[in-house]
Amino acid sequence: METALCSFPSSKPPPSTIQFRPSNPFSLSFPTTTASTSTSSLRRGGRRSLTIKSAISRNKKEETVDTVKTQLENCYLLAAIRYKGFTVKQFQELRQSLPENSKLIVAKNTLVYKAIEGTPWEALKPCMTGMNAWLFVHTEEIPNVLKPYRSFQKEKKLEDNDFSGGVFEGKFYGPDEFKQLETMPSRAEIYAKLLGSLQSPAIGLVTTLQAPARDVVMVLKAYVQKLEEEQAGGGGQ
């Protein structure tokens, strides 16, 4: 008897055709950043940096204006010197050569003008061109301050770095008139001259009245001081 072999379908499910690849244990995954997010962050950072720089620049400008205003207190002469061509070393040497009753600074014309605007020093406006160094003179003995600069200018051969102007008693002195400030008599010379003229009744009085207002005030002060000293000396006898 022949045995018939019958084939039945297997109860096991057929193998899946989907293949899985094992993950690489050495691979690292990072969060992706889109181009728009990156650009936005850069823009915010750039704006923040510009804001900080603007604040610093604004503070420096305000400090410069305040410095100029401070130097104008008890200032007799403010003069502008053409700064272009100066080396750092030369400028340092120049500062050291000037007397203590003066101050030399470098500042932008716009900031200096902001400090002097609305004051008698505004007469210096014609000097607000080019690069300038600013000389503040805090003594009536103006020639004694200007003389060291002239000596330095001659020694270093800085003919182009001349005074472009100055303001004294509210009047502007341009380059052609600046020599008048350099040759002003000292206080002692004015006292001696005007006090001597007062001792000659007629001619002395006319000479004194024809003198500039500043000279008249100075001689009157000197005369009063002289009388006070004479009275003090007489009272002690």
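The values are calculated or read from the model by the stated rules, or taken from the named source; none is laboratory data. What you see is a predicted model; the values in this text were computed from it and never measured. Cβ atoms come from the backbone with ideal geometry, glycine included; neighbour counts cover every protein chain shown. When the accessible area is computed, the model is the full protein with side chains, heavy atoms only, and any ligands, DNA or RNA have been set aside. Shrake-Rupley method; radii C 1.70, N 1.55, O 1.52, S 1.80 Å.
Do we find a residue being polar (S, T, N, Q), open to solvent by 20 Å² or more (accessible area, probe 1.4 Å) and not in a loop (DSSP other than H, G, I, E, B) anywhere in region 128-137? Before the answer, list the steps.
Keep residues of region 128-137 that are polar (S, T, N, Q), which gives 129, 132.
Among the residues that remain, those that are also open to solvent by 20 Å² or more (accessible area, probe 1.4 Å) are: 129.
In the following step, the residues that additionally are not in a loop (DSSP other than H, G, I, E, B) were identified as none.
No, every residue in region 128-137 fails to be polar (S, T, N, Q), open to solvent by 20 Å² or more (accessible area, probe 1.4 Å) and not in a loop (DSSP other than H, G, I, E, B).
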Tally the residues that are open to solvent by 50 Å² or more (accessible area, probe 1.4 Å), closer than 18 Å to M184 by Cα and assigned to a loop (DSSP other than H, G, I, E, B), restricting the search to region 144-170.
1
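Please tell me if E122 is without any contact (Cβ under 8 Å) to a residue 12 or more places away in the chain, in a loop (DSSP other than H, G, I, E, B) and closer than 23 Å to M184 by Cβ. Outline the logic, then answer.
Numbers: without any contact (Cβ under 8 Å) to a residue 12 or more places away in the chain: yes; in a loop (DSSP other than H, G, I, E, B): no; closer than 23 Å to M184 by Cβ: yes.
The answer is no for E122.
Could you list, in sequence order, all residues of region 97-119 that are in a helix (DSSP H, G or I) and charged (D, E, K, R)?
Scanning region 97-119 gives a single hit, K114.
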Pairs only if they're at least six apart or on different chains, beta carbon under 7 angstrom, first in region 74-100 and free of Cβ contacts under 8 Å to residues at least 40 places away in the same chain, second aliphatic (A, V, I, L, M); list them, first residue then second.
R95/L104
